[in-house]
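Q: Pasting in a structure now, in structure tokens, and then I'll have a few things to ask.
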Amino acid sequence: MTLRACVKGVGHYLPERIVPNAEFEATLDTNDEWIRARSGIERRHFAAEGETTSNMAAAAARAALSDAGCEADQVDAIIIATSTPDLTFPSVATMVQAELGMHTGFAFDIQAVCAGFIYALSNANALILSGQAKRVLVIGAETFSRIMDWTDRSTCVLFGDGAGALLLEAQEGEGTAQDRGILSTDLNSDGRHKDLLYVDGGVSTGTTGHLRMQGNQVFRHAVEKLASTATTAMERAGVTPEDVDWIVPHQANIRIIQGTAKKLGLPMDQVVVTVQDHGNTSAASIPLALSVGRDRGQIKPGDLIVTEAIGGGLAWGAVVLRW
Ligand code: COA
């Protein structure tokens, strides 16, 4: 028998305010056609004034717990992937722990930008496989609207806010690729590319800063690295693209999503796509897509899923799991 980290529940939260592309036309030299054609994005949600990453993370966590039929005090650990914490410290995860009324176990944040949820899943898997936790809430939550430069048309039209959560639970498997749960993970980073995508502020500068990106350079790395990490994770899991039911990619740009699917030899009708409605929500994009994909009836119990992401660092990775 092999221990597996299985998905018990999933949920998400999106802020009420929806901003269509056309809204940027009033203040920027841009238009709906350009944004749709270059990124696939049609609209995004922005947090209300005073609405924070921890508020959204807690809402997504409650939805995942309710989906699993589980109480907060049955959870051993909370891991939150975010690059937009409410405060420099304490972690968003401890704030959510308090909000959920969970007074035992442990909680911490992971910062790997858009690859954050993949890193968080991989860490949760390691905690479960090593017996340090039986149930782990894994959350991706972001308020990227707070770090946008609203005068930079090449970045501010691409990002959005939101949160998604999975509840993972230890279950016995057979040790085969037919098991439910996480079958493999693959993590990578290469700090030589740190200047391609970064925020020009932080504790040591005394400012929050704004997101800066060389979009076409990031694009150049994305498809190749995403296809490569997904292939490595599939090999580790002992599966091939023919076995895969769904790719659930990080939702940054439809052209990256299409290019990666093509490289993996999978058709777009096996890809969960939410980028048109959410924009790039960084670490929240994968759990949001998993939750929306399940709600749409695309993802079903037993489906084999490959999920992959790349972002600032560069940091990238993939997870293969059976739902
Ligand atoms: N509206 C209109 N024109 C815009 C624009 C906007 N919102 N943003 C940029 N442009 C312009 C540029 O200024 C440039 O004009 P120029 O040729 O006169 O200099 C032109 O469009 C082409 O810019 P470029 O950056 O080469 O376009 P692109 O095809 O690479 O698309 C991105 C831009 C950002 C959509 C694309 O590079 C991308 O998605 N990259 C990956 C970004 C990403 O996913 N990052 C997150 C990873 S987690």
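Q: Can you pull out the residues in segment 101-139 that are under 11 Å from the mean Cα position of the chain (by Cα) and over 16 Å from C70 (Cβ atoms)?
A: Initial filter on segment 101-139 (under 11 Å from the mean Cα position of the chain (by Cα)): 112-121, 138-139.
Once the filter is applied, which keeps residues that are under 11 Å from the mean Cα position of the chain (by Cα) and over 16 Å from C70 (Cβ atoms), segment 101-139 yields A112, V113, C114, A115, G116, F117, I118, Y119, A120, L121.
Q: Hey, can you tell me all the residues within segment 243-256 that are surrounded by 17 or more Cβ atoms within 10 Å (Cβ to Cβ), within 10 Å of the ligand (Cβ to nearest atom) and either touching a residue at least 60 places away in the same chain (Cβ under 8 Å) or not in a helix (DSSP H, G or I) (or both)?
A: Result: H250, Q251, A252, N253, I254.
Let's see how each residue does on (1) within 16 Å of the ligand (Cβ to nearest atom); (2) modelled with pLDDT under 95; (3) closer than 20 Å to M148 by Cβ:
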| position | (1), (2), (3) |
| --- | --- |
| D190 | yes, no, no |
| T207 | no, yes, yes |
| R212 | yes, no, yes |
| N216 | yes, yes, yes |
| K225 | yes, no, no |
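Q: Same structure, new question: Considering each residue of segment 85-111, count those that are open to solvent by 10 Å² or more (accessible area, probe 1.4 Å) and within 22 Å of T208 (Cα to Cα), and give that number. Steps first, answer last, please.
A: Restricting attention to segment 85-111, the residues satisfying the condition of being open to solvent by 10 Å² or more (accessible area, probe 1.4 Å) are 85-91, 94-95, 97-101, 103-111.
Cutting the leftovers down to within 22 Å of T208 (Cα to Cα) gives us 85-91, 94-95, 108-111.
Of the residues in that region, 13 qualify.
Q: Any chance you could count how many residues in segment 112-127 are within 16 Å of the ligand (Cβ to nearest atom) and assigned to a helix (DSSP H, G or I)?
A: We begin by selecting, within segment 112-127, every residue within 16 Å of the ligand (Cβ to nearest atom); these are 112-120.
Going one step further and asking which of them are assigned to a helix (DSSP H, G or I), we end up with 113-120.
Number of matching residues: 8.
Q: In addition: Does segment 88-111 include one or more residues that are in a helix (DSSP H, G or I) and closer than 23 Å to V273 by Cα? It would help to see each step written out before you state the result.
A: Taking segment 88-111 and keeping what is in a helix (DSSP H, G or I), we get 92-100.
Adding the requirement that they be closer than 23 Å to V273 by Cα leaves none.
Looking through segment 88-111, none of the residues is in a helix (DSSP H, G or I) and closer than 23 Å to V273 by Cα.
Q: Just one of (1) free of Cβ contacts under 8 Å to residues at least 24 places away in the same chain; (2) within 16 Å of the ligand (Cβ to nearest atom) trips up T240, so point out which.
A: T240 satisfies all of (1) free of Cβ contacts under 8 Å to residues at least 24 places away in the same chain; (2) within 16 Å of the ligand (Cβ to nearest atom) except (2).
Q: Whether any residue in segment 205-212 is touching a strand residue (DSSP E or B) at 6+ places or on another chain (Cβ under 9 Å), at positive phi and open to solvent by less than 20 Å² (accessible area, probe 1.4 Å) is what I want to check. Give the derivation first.
A: Narrowing segment 205-212 to residues touching a strand residue (DSSP E or B) at 6+ places or on another chain (Cβ under 9 Å): 208-212.
Restricting the remaining residues to those that are at positive phi gives 209.
Among the residues that remain, those that are also open to solvent by less than 20 Å² (accessible area, probe 1.4 Å) are: 209.
Taking every residue of segment 205-212 in turn, at least one turns out to be touching a strand residue (DSSP E or B) at 6+ places or on another chain (Cβ under 9 Å), at positive phi and open to solvent by less than 20 Å² (accessible area, probe 1.4 Å).
The values are calculated or read from the model by the stated rules, or taken from the named source; none is laboratory data. What you are looking at is a predicted structure, and each value in this text was computed from that prediction instead of being measured. Quick reminder, even Gly has a Cβ in these numbers, built from the backbone with ideal geometry, and neighbours come from all protein chains shown. Quick note on the areas: whole protein, heavy atoms, side chains included, nothing else; ligands and nucleic acids left out. Shrake-Rupley method; radii C 1.70, N 1.55, O 1.52, S 1.80 Å.
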